[in-house]
Amino acid sequence: MRIGFTLPQMGDLARRPGEVTRFAQEAEALGAASLWVGDRLLSPVDPAIGWNGSDSFPAYARNVLDPFALMAIAAATTEHVGIGANILQAPLYPPALLARSLTTIDLVSNGRLLPGFGIGFSPDEYQAAGVPMNERGARLDECLDVLEAWWTTNPVEHHGKHWDIPATHVDLKPAQTPRPPIHLSGFAPAALRRVARRADGWLPAFFAGTGPFDPDSINVPMAEIRRLATEEGRDPAWIDMILRIYPVGEAGFDDIVEAITRAEAETEVTHCFVDLTNVAGDVDQALDIADRVLKATR
């Protein structure tokens, strides 16, 4: 099992941004396989929709560092770890700007970018970005069209419903060929079909601390993705997955290790990462947890 960790991006971990480089370098030295960011634009006072079925947002959402800046820092100061995003809310961004930023990060990292995309859940964030939330699925699809063109053709030209890009020279391409692997999140039927139709991988999540790890929560949707991929004329064996292990509530070290070991034994997952946001108050504690997790799962 390849095991990664989130960068110190949110909550208390975001209060000392100068520590991002140290965390990235020391986590890599410990044996981390990848380093990850998320994408949280707002922490609404009175949200239209709360986080994970609640009526509010978690306190950590009040302190969030920019995901692109953190990926660039990690890319420039490490040598081997994957630099991942789980997830970027792609519909919130003009795809030409998104493509330029991600191309830069892939080049700086010498081909280590692992971009993951989703559509989010917050009407408030869509309002703040000036994007109609009811268009989010269609905008994600069109964004993926633009990224594909930006990364694999030259000149690039796109005329779609939401974005119009005149023919332009794009000589600078990602280090990875033909492009960085695209992973998509989501458990809804439309999300699973989108993964099957056009992604290189799926981004499931397990909330550690909410009960025992249930392998069917991963295996059943993945089987559906593979079935749908076959329908789409794709080889399902080429679709992988990267599991986010997200400790919540009173989740502790044992819950994290159990999730990793059971995922390795009972699912097809070969790459996961632990979200440290809720379990570490500072970078030293985050590195200590990372060290213990890596030692316990080797």
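For the reader, a short list of remarks on this structure follows.
- Any hit, segment 120-131, residues being in a loop (DSSP other than H, G, I, E, B), crowded, with 19+ Cβ neighbours inside 10 Å and in contact (Cβ under 8 Å) with a residue 60 or more places away in the chain: yes
- Filtered residues of segment 37-54 (kept if over 27 Å from A290 (Cα atoms), buried (at least 17 other Cβ atoms within 10 Å of the Cβ) and charged (D, E, K, R)): none
- A33 farther than 14 Å from V274 by Cβ and in contact (Cβ under 8 Å) with a residue 24 or more places away in the chain: no
- Once segment 189-205 is narrowed to residues that are outside any helix (DSSP H, G or I) and touching an Asp or Glu at 6+ places or on another chain (Cβ under 8 Å), the residue that is nearest to L243 (Cα to Cα) is W202.
- Among all residues of segment 3-16, there is none that is surrounded by fewer than 19 Cβ atoms within 10 Å (Cβ to Cβ) and either under 25 Å from P180 (Cβ atoms) or hydrophobic (A, V, I, L, M, F, W, C) (or both).
- Residues within segment 260-291 that are assigned to a helix (DSSP H, G or I), in contact with a Leu (Cβ under 8 Å, 6 or more places away or on another chain) and within 19 Å of M222 (Cα to Cα), tallied: 1
- All positions within segment 132-159 that are under 18 Å from R40 (Cα atoms), part of a helix (DSSP H, G or I) and free of Cβ contacts under 8 Å to residues at least 24 places away in the same chain: M133
- Unique match (being of a type in the set (S, T, N, Q), touching a Ser or Thr at 6+ places or on another chain (Cβ under 6 Å) and modelled with pLDDT of 95 or more) among T104, T77: T77
- Members of segment 249-272 found to be surrounded by fewer than 18 Cβ atoms within 10 Å (Cβ to Cβ) and touching a residue at least 60 places away in the same chain (Cβ under 8 Å), listed by number: E264, T270
- Looking only at segment 22-36, and only at residues there that are crowded, with 18+ Cβ neighbours inside 10 Å and part of a loop (DSSP other than H, G, I, E, B), the one that is nearest to the chain's Cα centre (by Cα): A33
- One residue from T210, T177 being among the hydroxyl-bearing types (S, T, Y), surrounded by fewer than 17 Cβ atoms within 10 Å (Cβ to Cβ) and without any contact (Cβ under 8 Å) to a residue 24 or more places away in the chain: T177
- E224 being within 20 Å of the chain's Cα centre (by Cα), of a type outside the set (V, I, T), surrounded by fewer than 20 Cβ atoms within 10 Å (Cβ to Cβ) and more than 21 Å from G38 (Cβ to Cβ): no
- Selection count, segment 149-199, where residues are of a type in the set (S, T, N, Q) and under 18 Å from N86 (Cα atoms): 1
- Residue match in segment 189-200 (condition: over 24 Å from F121 (Cα atoms) and either within 16 Å of the chain's Cα centre (by Cα) or surrounded by 16 or more Cβ atoms within 10 Å (Cβ to Cβ) (or both)): no
The values are calculated or read from the model by the stated rules, or taken from the named source; none is laboratory data. No experiment lies behind these values; they were computed from the predicted model shown. Cβ coordinates were reconstructed from backbone atoms using ideal geometry, including for glycine residues, and neighbour counts include every protein chain displayed.
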